[in-house]
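The values are calculated or read from the model by the stated rules, or taken from the named source; none is laboratory data. Predicted model, so just to flag it, every value in this text is computed and none were measured. Every residue, glycine as well, gets a Cβ built from its backbone with ideal geometry; the counts of neighbours run over all protein chains shown. Protein only, heavy atoms only, side chains kept; ligands, DNA and RNA dropped before computing areas. Shrake-Rupley method; radii C 1.70, N 1.55, O 1.52, S 1.80 Å.
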Amino acid sequence: FLLHPRVRKGFLTPTRLGLGLAFATLAVGGTAEAVRAQKANFDLASWWMPAKVGRLVFDTAVTPHWLDTGDRFWYAWETSKGRSFYLVDPVKKTKVPVFDNAAMAAMLTEITRNPYEALHLPIRTIRFVKNDSAIEFEVQVSKDADINGAQTVTVVQEETGNQRRGGAGQGQGQQGGSSAEPAAAPGTTKTLYFVYDLATRKLTLPATYTPEIKKPRWASVSPDQKTIVFAKNSNLYMMDAENYAKAVKKGDDATIVETQLTTDGEEHYGYARRLTDADRDQEGQREQVVATGNQKNRRVPPIQINWSRDSKKFSVVRRDQRKVGDLWVINSLSQPRPTLETYKYAMPGEVNVDQSEIEVFDIASKARVKVKADRFKDQTLQIANARQSASARDLDRLEAEWLANGSDKLYFTRVSRDMKKMDICLANPSTGDVKTLIEERLNVYMETKPLQLINNGQELIHWSERDGWGHYYLYDGDGKLKNPITAGEFVAENISWVDEKARVIYLEAEGREPAEDPYFTHTYRVSLDGSGMKVLDRGPGSHAAQTGDSGKYFVDTYSMVNSAPQSALFDQSGARVMELESTDVSALLDAGYKYPEQIKVKADDGITDLYGVMYKPFDFDPAKKYPIVAYVYPGPQTESVTKTFTPKQPNVALAQLGFIVVEVGNRGGNPHRSKWYHSFGYGNLRDYGLADKKAAIEQLARKHSFIDIERVGIYGHSGGGFMSTAAMLVYPDFFKVAVSSSGNHENNIYNRRWSEMHHGVKEITDKDGKVTFEYSIDKNSELAKNLKGHLMLATGDMDDNVHPGNTLRLADALIKANKRFDMVVLPGIRHPYAADTEYFFWVRAEYFAKHLIGAADRGADIVEINREREQTGTKGRAAAGQAQGQGRRRP
């Protein structure tokens with residue numbers, strides 16, 4: 001009687017779930033063990049938190065750093081045996097250590113008089129110097145350390161904030177937890193600069209050393225290094241190399257000569273780059289946010305400067321935000337009083353949105369020309385640029401450059417507000433005149449990829465979705481189509497190299513290899529006439545290629561969720577030159593790690609294939625029934641389904657409490673499949689992915705007896721927060737528990753570009769030719785009356801992306817509908833939860849454990865966090881590490 005669907009629907013409400021299951025198990029007899037004989041395993045979950053996994057597995061990908069001479073490159077590789085540096089010569093097919101770790105430890109110990117060993121070298125990165133015959137690196141020692149020798153360092157003033165140190169390789173994304181060493185307190189250490197000769201294998205501490213001048217954040221440097229552009233008081237300024245050197249070394253020296261280029265810059269219509277969260281943290285501006293990035297009479301970063309390759313001109317996209325509406329968040333943690341942060345934020349359908357214009361500046365004459373780009377109302381303009389290959393080795397000097405070689409051609413794209421119209425344009429930088437080369441039109445929004453030139457613009461390589469798939473097309477310099485380069489039911493992705501002489505391009509693509517997951521990426525070679533397309537890195541898995549400066553070789557790292565990553569060196573023909581590294585997972589497996597499973601189900605239409613991943617508890621018992629929790633992010637700009645080896649992620653730990661955790665795609669959720677798939681949710685941005693999530697879980701439950709279809713949870717952040725709540729409201733009898741963090745529940749107050757792009761905005765032209773835009777979208781709050789299960793909402797109170805108003809409006813609707821729900825507000829936190837990530841993981845985990853497993857209240861302390869941290873007080877090392885540089889606005 002209790003299991004009859006109609007009775008169950010009326011009787012087994014979430015508040016009666018425990019009682020109902022108890023009666024149900026008695027009614028069917030003999031199945032109590034299979035249904036409820038499990039407890040939330042908090043201890044097992046704590047063992048598989050990302051920080052602990054980081055002590056079991058280290059580097060997972062080779063990051064090559066190509067040298068100035070030849071095709072050689074170096075890379076660092078860390079395992080449980082420490083970090084080593086290797087030098088690879090593709091021509092000779094050799095891989096040798098840059099230095100012997102044991103010998104290096106002995107030499108460093110002798111010079112610094114600090115003990116080191118091969119497993120624990122203090123070297124984080126290196127830089128090749130002296131025509132690649134030697135390396136330099138830095139070591140931090142105590143400020144009062146008595147070293148064997150002396151070194152005088154010429155101090156160079158650096159900008160406040162995080163500066164790159166040591167050239168290429170800094171911050172290269174090492175995966176190991178042990179690599180992250182606690183930062184020393186300011187002023188307690190000094191830096192020693194060492195030189196190691198590769199031929200003699202001798203380490204020296206130069207008596208005098210002048211560190212390379214770090215490019216300050218405010219400077220945009222021309223390709224010839226002779227002109228530097230920056231912003232001040234909303235306007236553009238420039239200086240020559242001599243004065244730039246003074247500015248870097250001496251700051252505000254009165255003899256520094258600056259030339260003002262503009263006088264009409266003003267707040268919200270100027271030339272200074274708006275500070276991001278990272279900028280504000282690095283600049284130490286934790287209390288006061290300057291919306292435009294301006295600080296009176298101080299040099300600040302300009303809006304992006306795009307240089308002509310001959311350094312004679314530069315261009316900018318200047319945006320007028322003066323009429324855009326203000327939005328606010330409050331920094332409640334600011335001392336001594338909470339402060340108000342105001343910023344510009346255009347919402348969908350509003351009349352006043354950003355207005356773009358392109359300006360070109362001539363260095364010699366100081367003249368400014370406005371490009372005549374007007375065509376669509378509220379259009380978006382973007383300059384087509386390239387990154388100079390020579391600077392790829394030195395990220396500090398990376399600048400945007402025009403595509404053409406000289407200063408007589410400026411290419412740019414022009415996109416209508418509804419993103420259904422896009423033009424590729426060519427501007428004359430001297431007159432501002434514009435020629436439209438290529439027009440793209442579609443009845444849904446369009447994606448774009450960078451334009452490529454052949455022979456300085458005699459031919460163009462353009463990417464389009466015109467046939468329902470993303471492909472490259474070859475045009476002549478006047479915009480006449482010559483031929484498709486790629487074609488078929490797959491998506492061509494980024495171009496990594498163009499060989500103009502051989503008329504061949506190298507690119508990434510997805511979905512072309514039969515019988516493979518369509519999201520697996522491969523590298524291909526194809527001729528410009530469209531012939532001879534060939535995969536260069538065969539084998540199942542998702543491949544990530546990094547191509548050398550000459551284009552002759554690339555390093556390929558490939559993996560799947562259920563296999564360890566491997567890195568190998570290939571040549572441009574696809575021949576495997578040599579193996580490089582395989583990630584060491586022995587400690588991980590010894591500790592009990594089990595790979596997740598790849599899954600494949602049908603969408604709600606019964607036709608479309610959906611791909612996903614299933615995580616099980618490591619103490620999994622197939623005789624038991626487990627609740628299922630779906631992690632969701634609906635896209636459409638991405639689909640959060642893991643495709644590569646990623647053991648350091650929260651779903652691994654969440655499953656250990658006693659859940660089957662799944663990630664699975666949905667129609668409308670990924671740009672890496674057909675345009676039909678990607679744009680499936682166009683016009684229905686609230687509900688489009690829900691039926692597929694429900695259908696996927698139902699199929700998995702039919703296939704696997706260990707999944708309890710009566711205990712379904714769902715969670716997600718941002719778009720996933722929006723989707724998880726929508727699931728509870730659209731299918732209230734299926735989804736029983738949701739944790740929804742920072743969701744854009746009210747897309748009518750989310751950011752204009754994302755909402756209008758993916759949902760659609762209607763362009764209306766009246767009889768007088770006046771163009772207006774209409775926007776309407778379904779909201780979660782409209783379905784608040786449908787809530788039946790347990791819902792937790794969360795938001796950071798300083799979220800300037802998905803404003804807290806999204807969550808508060810939903811909360812208001814739930815209150816008015818007389819619904820119970822839970823809510824967490826994280827003080828001082830923006831859209832990424834940063835310092836509170838671990839805290840919120842356990843809040844979410846306990847919520848699911850309570851309502852899907854029946855775990856008891858655990859009291860005030862989150863013991864799993866407390867026992868991992870040293871309880872040393874607010875001045876202790878653990879506390880300091882938590883507060884430092886993690887995105888929270890601290891008093």
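Would you mind telling me the share, in percent, of accessible area of the chain contributed by carbon and sulfur at probe 1.4 angstrom?
The computed percentage sits at 50.
Just from its helices, what would the mean residue ellipticity at 222 nm be for the chain, if runs of 4 or more DSSP H residues each count -39500 (n - 2.57) and the sum is divided by every residue, rounded to the nearest 500 deg cm²/dmol?
Theoretical 222 nm ellipticity from helices: -4500 deg cm²/dmol.
Place a label point 7 angstrom from the Cα of S586 along the Cα-to-Cβ direction, then list the residues of the stretch 68-87 whose backbone nitrogen is under 13 Å away.
79-82, by backbone N distance to the label point.
Over the chain, what is the percentage of antiparallel beta bridges among all DSSP beta bridges, to the nearest 5?
Here the antiparallel bridges make up roughly 85 percent for the chain.
Relative contact order for the stretch 566-625 using alpha-carbon pairs under 8 Å, separation at least 6, rounded to a whole percent?
Over the stretch 566-625, the number comes to 21 percent.
Rounded to the nearest 10 Å², what accessible area does F490 show when all protein chains are kept and the probe is 1.4 Å?
Using a 1.4 Å probe on the heavy atoms, I get roughly 10 Å².
Taking only protein heavy atoms into account and a 1.4 Å probe, give the accessible area per residue of the stretch 531-688 in Å².
That works out to 34 Å² per residue.
Placing unit charges on C-beta atoms (Lys and Arg positive, Asp and Glu negative, everything else neutral), compute the dipole magnitude of the chain about its Cα centre in debye, rounded to 20.
1340 debye
Please report Rg over Rh for the stretch 494-630, where both radii come from the alpha carbon positions and Rh follows the Kirkwood definition.
1.08
For A199, what is the net charge nearby, where nearby means another residue's Cβ is under 12 Å from its Cβ and Lys, Arg count +1, Asp, Glu -1?
After counting each charged neighbour, the total is +1.
Where does the charge balance sit around P671 when Lys and Arg score +1, Asp and Glu -1, over other residues with C-beta under 14 Å from its C-beta?
Neighbourhood net charge equals -2.
Which whole-Hz ³J(HN,Hα) couplings does the stretch 828-839 yield from phi under the Karplus relation 6.51 cos²θ - 1.76 cosθ + 1.60, θ = phi - 60°, glycine and proline marked x?
x, 10, 9, 5, x, 7, 6, 4, 9, 4, 5, 4
What whole number of Å gives the distance from the Cα centroid of the stretch 533-565 to the Cα centroid of the stretch 293-365?
Taking the Cα centre of the stretch 533-565 as reference, the centre of the stretch 293-365 is 39 Å away.
So for W77, W47, W469, what's the accessible-area order with a 1.4 Å probe, most first?
W47, W469, W77
What share of all Cα pairs of the chain, in percent, falls into each consecutive 10 Å distance bin?
Using 10 Å bins, I get a P(r) of 2, 10, 18, 24, 24, 15, 6, 1, 0, 0 for the chain.
Figure the gain on full extension for K81 and H704 (residue separation times 0.36 nm, minus the Cα-Cα span) and round it to one decimal in nm.
Fully extending the segment from K81 to H704 adds 220.2 nm.
Please tell me the relative contact order of the stretch 675-805 in percent, rounded to the nearest whole number, where contacts are Cα pairs under 8 Å and at least six residues apart.
28 percent
Not counting ligands, DNA or RNA, and with a 1.4 Å probe, what is L56's accessible surface area in Å² rounded to the nearest 10?
Result for L56: roughly 40 Å² accessible.
Applying the Karplus parametrisation 6.51 cos²θ - 1.76 cosθ + 1.60 with θ = phi - 60° to the phi angles of the stretch 637-642, what ³J(HN,Hα) value in whole Hz is obtained for each residue in order, glycine and proline being reported as x?
For the stretch 637-642, the Karplus-derived couplings read 6, 7, 10, 7, 10, 5 Hz, x marking Gly and Pro.
Please compute the net charge surrounding T227, taking Lys and Arg as +1 and Asp and Glu as -1 over other residues with Cβ under 10 Å from its Cβ.
In short, 0.
On each of the three principal axes of the Cα atoms of the stretch 748-857, give max minus min coordinate, whole Å, ordered largest first.
Dimensions of the stretch 748-857 along the principal axes of its Cα atoms: 67, 33, 20 Å.
Where does each of F73, F821 land when they are ordered by accessible area, with a 1.4 Å probe and the largest first?
F821, F73
Label-point separation (nm) for D240 and V257, each offset 7 Å from Cα along Cα-to-Cβ?
Computed distance between label sites D240 and V257 equals 0.6 nm.
With all distinct Cα pairs included, what does the Kirkwood hydrodynamic radius of the stretch 606-696 come out to in Å, to one decimal, could you say?
Hydrodynamic radius (Kirkwood, Cα pairs) of the stretch 606-696 is 14.1 Å.
Hey, what did the chain get for relative contact order, percent, Cα under 8 Å, at least 6 apart?
RCO, the chain: 10 percent.
Can you list residues from other chains, or at least 5 along the same chain, whose modelled amide H is less than 5 Å from the amide H of R83?
L121
R525: accessible area at probe 1.4 Å, nearest 10 Å²?
80 Å²
Given the C-alpha centroids of the stretch 641-697 and the stretch 83-131, what is the distance between them in whole angstrom?
If we compute the Cα centre of each part, the gap is 43 Å.
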